[in-house]
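Before any comments, here is the structure.
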Amino acid sequence: MASNIYLDNVSTTKVDDEVLATYTKLLNDYYNSDALYDGGVTVFRHQEHSRKLIADMLGVKSNEIIFTSGASEANNFVIKGLSLMHPKGHIITSYYEHSSVIEALKQVERTLGIDVTYIKPQSDGTIDPMDVKRALRDDTFLVTIMKVNNEIGTINDLKAIRDALGGHKALFHSDMTQALGKIKIDLSDVDMASFSAHKIHGVKGSGFMYKKAHIKIEPLISAGQQEFHLRGGTSNSPANIVLAKTLRLALEKVDDKRIDEYHDYLINGLKAIKGVVINSNDKGIKSLINISTPIKTEPMINALNLKGIMVSGKSTCGSKENEPSRTLEAMHIDSDHALRISFDLNNTKEDLAYFLECLKEIIEKYE
Amino acid sequence: MNDIKYDYILCRFGELTTKGKNRKDFIDRLFQNIKKRLKDYPLLSYEKQHDAIIIHLNGIDHDTVCDKLKTVYGLSNYSGAIRCARDLDDVKAKALVLIKKHPYKTFKVNARRQDKSYPLNSDMINREIAGHILRNSDVKVDVHHPDIMLYVIVKNDRIYLMDEKIQAAGGYPVGINGKTLVMMSGGIDSPVAASMMMKRGMKVECLHFASMPYTSKQALDKVLDLVKILTDFQDEIKVHIIPFTDLQVKIYEHTDTSYAITILRRMMYRIADEVCRRRHIKMIANGESLGQVASQTPESLSVIGGVSENLIIRPLACLDKIEIIDMAKKIGTYETSILPFEDCCTIFAPKDPVTKPHADKCEYYESKFDWAPYIKECVDKMETIVIKNGDTRLEEDLF
Ligand SMILES: Cc1ncc(COP(=O)(O)O)c(C=O)c1O
């Protein structure tokens, strides 16, 4: 029996060998990056160099990259940091954001009197820029719409949304976690963005927020001078330093044609299995395919697991809760039978063939 | 064909008014400097002509190369060029694509025959190409102020079609006029002064005064980072670091605080002189400018600079702070310069420095201790670091 076929790369990814080696080495440089002796100064210089390389790769300035513990923190930072400055104001978001956006929004609704408009996706899974425009109010201070959805993979046209916002003063943020390393991203479309390292073969507990230099925001973690006084706490320097390499390696692979090949291969294979419905469409990233099968999600995941295949249903963060997926619900897809397959370059065609074979077998056996 | 790729970059020379040997030296030096600047691209090849240097791109991205060329002094301007067959139909087709690539409304064709045996004369070539563009696009001819001037150069085996001239850095190729020792603090001014000297064709070596432990490792790192930025203009730069603390302490012991900065700076010039002697340099430059405060008054500059036996150039002498900041931003040193670390002049800064010091009073204070051995010791203990372009001074394999 083949085993350890990992098809859940949207949830997290295998740490790249080179990244792991560098990170392990860096863990020995334990000095505090804010210390004034040589050891600390060297760590600081490496960290700032990493920041600069990241900024260069994304075409922005060094002081616009703020290291965080990941995308959830970055999302919380944006939402709470801005809400603290605009209590009772208005935020526009989509109905299918990641839980770190939705839950942070619920919190500021509850505590700061923020009013939130949730835009439903269209039937193709994308957010209509005109819906966003229609929701704008005088007191709207933030629009936050994800670039790539983590359940069915649809890509939103941020430029069109930016254009629809016109000259409105609201800041435009996007959770770009699932876009990074998969498609080209253009930060000139947005004012702020969130990113995570472990989704691009980096280490967990690492990520960053992009924020245009002139934008003022309240810190989420109030403490020392780290991160331009915006995010206190002793820097996670090993993770921050290795993030430049992580990003470089990920961006080098963005255009890899194998992903398209795998995609087409899987789609064709899935179409040939009776009872399988493909929920993803051509508006999405290639490396994620959402399907529905005649078997309920949980038994299906378990059955595949027994065969050494790892996939998930709805977003992993909600995997242990009983609520239906907001994304799938919004797209009128029955989340009880949905399955999310997300592959990457660590997979082989044989992995996919084996998956298709098992899927077929399970459906035939248990239907 | 709807996109066009440049085959060459044609580089034109800067202040090349001289003739004969000087002209040859200028071109040779510029040629070397361009090659050094582009050393990361071994696929490029070069052709040296009497009025231009032609870079054959051989598939390397045109914008990437142009970006590098921006910091080469001695280059007046450059253009992307496309190689055409010696056949007007080919030139016409490519000219049209080139024009359509830009949002230009008006144009003019400017043809030149270097090979006079070509059957059509320049006017005829101009009309042929312009006619083709007019018939196939909405762009109009404007002979006086065209948005784009299309240059056509007829050679004996090919025809070049050339895009707009892009302004380059100008000046003289670095190294053609000898060497200068630039006194380099961590501030905004000295890197700008260094780049201005380079623009005049001087190769620079830097002199930095470090006052450990009163100044930090970071302060020194900052200076080296600034020099690193300057290696975009001069591929390799020597930084001489003077351990200045002992002499500095002696100065404060023996002089009235109001004269301390004046004497300190006189000592710096003496040390610079000694370094010049050892390094065979005959010129000193720094970021001093004329102002109203302390060491910047004409009296101060005169009394301080008076101790030096070398030619002193102060390229910033007559510039406003705003102008200097603009230049620092342009050469890319500003952001690093404003990082807050103490340098050797800000520590022990007296509250009451003289604004009009007298030479005889300086000599009086200086007679109170035997400073010459300290000068020698400073230079004996000098540490020299060579900074090369592309060298991050960091552990590269982490990134
Ligand atoms: C779209 C999206 N945003 C945010 C996150 C959270 O990222 P992190 O795990 O770095 O907090 C995830 C992944 O869980 C995600 O898919």
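Here the range A:107-148 is assigned +1 on the Cβ of each Lys and Arg and -1 on the Cβ of each Asp and Glu. Its dipole about the Cα centre then comes out at about 80 debye. Over chain A, DSSP H runs of length four or greater, each weighted -39,500 (n - 2.57), average out per residue to a 222 nm ellipticity of -12000 deg cm²/dmol.
With both residues required to sit in the range B:179-398, DSSP beta bridges show an antiparallel share near 25%. Quick one: with all protein chains in place, what share of the accessible area of the range A:17-252 is carbon or sulfur, to the nearest percent (1.4 Å probe)? Ligands and nucleic acids excluded, carbon and sulfur give 53 percent. The portion of the accessible surface of the range B:179-398 made up by carbon and sulfur, rounded to a whole percent, is 54 (1.4 Å probe; DNA, RNA and ligands excluded). Using a 1.4 Å probe over the heavy atoms of the protein chains, calculate the carbon and sulfur portion of the accessible area of the range B:8-167 as a whole percent. On the range B:8-167, the fraction of accessible area on carbon and sulfur atoms equals 49 percent.
Computed 3J(HN,Hα) for the range B:276-292, one whole-Hz value per residue from the Karplus formula 6.51 cos²θ - 1.76 cosθ + 1.60 where θ = phi - 60°, is 4, 4, 6, 9, 6, 10, 10, 9, 10, 10, 7, x, 5, 9, 7, x, 9, glycine and proline marked x.
Estimate the FRET efficiency between B:ILE322 and A:LYS120 by the formula 1/(1 + (r/R0)^6), using the beta-carbon distance for r and 45 Å for R0, to the nearest 0.05. Between B:ILE322 and A:LYS120 the formula returns 0.30. Greater than 28 Å separation of Cα atoms is the criterion. Which listed pairs, B:LYS179/B:LYS329; B:LYS282/B:LYS368; A:LYS52/A:LYS314; B:LYS282/B:LYS388, meet it? Beyond 28 Å: B:LYS282/B:LYS368; A:LYS52/A:LYS314. Beta bridges from DSSP with both residues in the protein assembly as shown: antiparallel share about 55 percent, rounded to the nearest 5. Looking at chain A, send over the antiparallel percent of its DSSP beta bridges, to the nearest 5. The answer is about 50 percent antiparallel. Distances between placed amide hydrogens fall under 5 Å for A:VAL143 paired with A:ILE92, A:LEU171, A:PHE172, A:HIS173, all partners being 5 or more residues away or on another chain. Straight-line reach from A:LYS365: taking Cα to Cα under 17 Å and skipping same-chain neighbours fewer than 8 places apart, the aspartates and glutamates in range are A:GLU298, A:GLU357.
Take the protein assembly as shown with all the other protein chains still there, run a 1.4 Å probe, and you get 45 Å² of accessible area per residue. Axis angle, to the nearest 10 degrees, between helix A:38-58 and the longest C-alpha principal axis of chain A: 60 degrees.
Chains B and A together bury some 1300 Å² of accessible area, summed over both sides, with a 1.4 Å probe. Ordered by solvent-accessible area of protein heavy atoms (1.4 Å probe), largest first, the residues B:LEU57, B:LEU134 come out as B:LEU134, B:LEU57.
When the C-alpha to C-alpha distance is required to be over 30 Å, the pairs from A:LYS253/A:LYS283; B:LYS21/B:LYS92; B:LYS203/B:LYS381; B:LYS5/B:LYS39; B:LYS116/B:LYS165; B:LYS35/B:LYS330 that qualify are B:LYS21/B:LYS92.
Going from the isolated chain to the complete set of protein chains, the range B:378-399 loses at least 20 Å² of heavy-atom accessible area (1.4 Å probe) at B:THR392, B:LEU394, B:GLU395, B:ASP397, B:LEU398, B:PHE399.
The values are calculated or read from the model by the stated rules, or taken from the named source; none is laboratory data. Only a predicted model underlies this, so the values are computations on that prediction, with no experimental measurement involved. All Cβ positions, even for glycine, are placed from backbone atoms using ideal geometry, and neighbour counts span all protein chains on display. Heads up: the accessible areas ignore ligands, DNA and RNA and are worked out on the full protein's heavy atoms, side chains in. Shrake-Rupley method; radii C 1.70, N 1.55, O 1.52, S 1.80 Å.
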